[in-house]
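Read the structure below first, then the notes.
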Amino acid sequence: MSDLAHYTRYHPRWYRRRMSVWWWLKDRAYVKFVLRELTSVFVAFFALLYLWQLRALARGPDAYAEFLARLQTPFFLTVDIVALVFVLFHTITWFNLTPTAMVVRMRGKRVPDPIVAGSNYVVWVLVSGIVAWILTRGLK
Amino acid sequence: MSGRFTPLMWTLFSVGGTVAAFLFPVHLFLNGLAFPLGWLDAPSYDALLSLVQHPITRLYLFVMIALPLFHWAHRFRYTLYDGLQLYHLTVFIAVLCYGVALVGTAVAAYTLWNFA
């Protein structure tokens, strides 16, 4: 055995029981954790989709119209709905974690968690409203 | 990973995550659903073009694309590493994830810089 055994850094192979790749299906909290981690895939998807849209916009009206037609296909509508659900999950879990990640003090007293998390939601609604207003009304 | 790299990536992860949390839902809802399905009127090509040509809009779009890509790279790296137990591929996964984010950032910078 000594010939075959090798250590990867931080992960000694001896005395480790093999764990299934599906370990997280055993408990709802684990499922939630894995889904939360997977939100990053949809974050990247949308960042790249938006970049693609900007490139189409740069190439001219025809290329842009072609891109918009692509967004209307059932495939993209379906993926966008799934992506929106995951992105919202990211937003909610991210905001709810801020009191844990960041302790805010005011006059020496710790600001209660619901207020720290809640202020994120207030700013979120405001920012979303401004963006929506610019893209629907502000450009006329 | 070396001493300075990982803290930098954690910072980009958290800033990018915050940018995505605040801005992505509204943009994804408008561009992915409300405009394609005709719930709301999409801006015309010319109106959108003149908006994007403004330097502040371009800076906004660069931040909105680049930072969330690094958020993804850092989080997905650990998702692959822990979730799929790919312990022997640590370096390969890191290079792949941060590499994709870097290429995306470069393309975004190039595209937005040339939007004149």
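Coordinate-derived values only; no laboratory data. Please read all numbers here as calculations on a predicted model, not as lab measurements. No Cβ is skipped: glycine too gets one built from the backbone with ideal geometry, and neighbour counts run over all protein chains shown.
What FRET efficiency would be calculated for the residue pair B:Arg4, B:Gln85, taking the C-beta separation as r and a Förster radius of 30 Å, to the nearest 0.05?
0.60
Arranged by the count of other C-beta atoms within 10 angstrom, fewest first, what order do B:Trp72, A:Trp24, A:Trp133, A:Trp52 take?
On the way: B:Trp72 29, A:Trp24 18, A:Trp133 11, A:Trp52 14.
Least crowded to most crowded, the residues run A:Trp133, A:Trp52, A:Trp24, B:Trp72.
Please order A:Asp113, A:Asp80 by the number of other Cβ within 10 Å, starting at the fewest.
In increasing order of surrounding Cβ atoms, one gets A:Asp113, A:Asp80.
Taking the Cα centre as origin and putting +1 on Lys and Arg beta-carbons and -1 on Asp and Glu beta-carbons, what dipole magnitude results for the protein assembly as shown, to the nearest 20 debye?
Result for the protein assembly as shown is approximately 980 debye, rounded to the nearest 20.
In nm, to one decimal, how far is the A:Ala29 label point from the B:Leu37 one, both placed 7 Å along Cα→Cβ?
Spacing of the two 7 Å Cα→Cβ label points: 3.6 nm.
Please report, in whole Å³, the volume per residue of the convex hull around the C-alpha atoms of the range A:27-139.
Here the figure is 144 Å³ per residue.
When the chain is fully extended, how far beyond the present Cα-Cα distance does A:Val127 get from A:Ile115, taking 0.36 nm per residue of separation?
2.5 nm
What ranking of B:Leu8, A:Leu139 emerges when the number of other C-beta atoms within 10 Å of each C-beta is taken as an exposure proxy, fewest first?
Taking fewest neighbouring Cβ atoms as first place, the list is B:Leu8, A:Leu139.
Determine the calculated [θ] at 222 nm for chain B from helices alone, applying -39500 (n - 2.57) to every DSSP H run no shorter than 4 residues and normalising by the residue count; nearest 500 deg cm²/dmol. Could you put the intermediate results ahead of the total?
Numbers: 4 runs with 81 residues, N = 116.
My calculation for chain B gives -24000 deg cm²/dmol from helical runs alone.
Using a ≥ b ≥ c from the Cα gyration tensor of the range B:30-116 (square roots of the eigenvalues), is it rounded, prolate or oblate, where a/c under 1.5 gives rounded and otherwise the larger of a/b and b/c decides, a/b for prolate?
Numbers: a/c = 4.16, a/b = 1.91, b/c = 2.18.
Judged from the Cα gyration tensor, the range B:30-116 comes out oblate (a/c at least 1.5, b/c at or above a/b).
Provide the convex hull volume over Cα atoms per residue for the protein assembly as shown, in Å³.
191
Kindly state, to the nearest 0.05, the FRET efficiency for B:Ser44 paired with A:Phe89, given R0 = 25 Å and r defined as their beta-carbon distance.
It comes to 0.15.
Using the membrane-span-like helix rule (whole DSSP H runs, Cα extent along the own axis of at least 24 Å, mean Kyte-Doolittle hydropathy at least -1.0), which helices of chain A qualify?
A:28-59, A:74-101, A:113-136
If R₀ is 30 angstrom, what is the calculated FRET efficiency for the pair B:Thr11 and A:Met19, using the beta carbon separation as r and rounding to 0.05?
Plugging the Cβ-Cβ distance into 1/(1 + (r/R0)^6) gives 0.45.
Can you pull the one-decimal nm distance between simple spin-label points at A:Ala58 and A:Ala101, each 7 Å off the Cα toward Cβ?
Simple spin-label model gives 3.0 nm for this pair.
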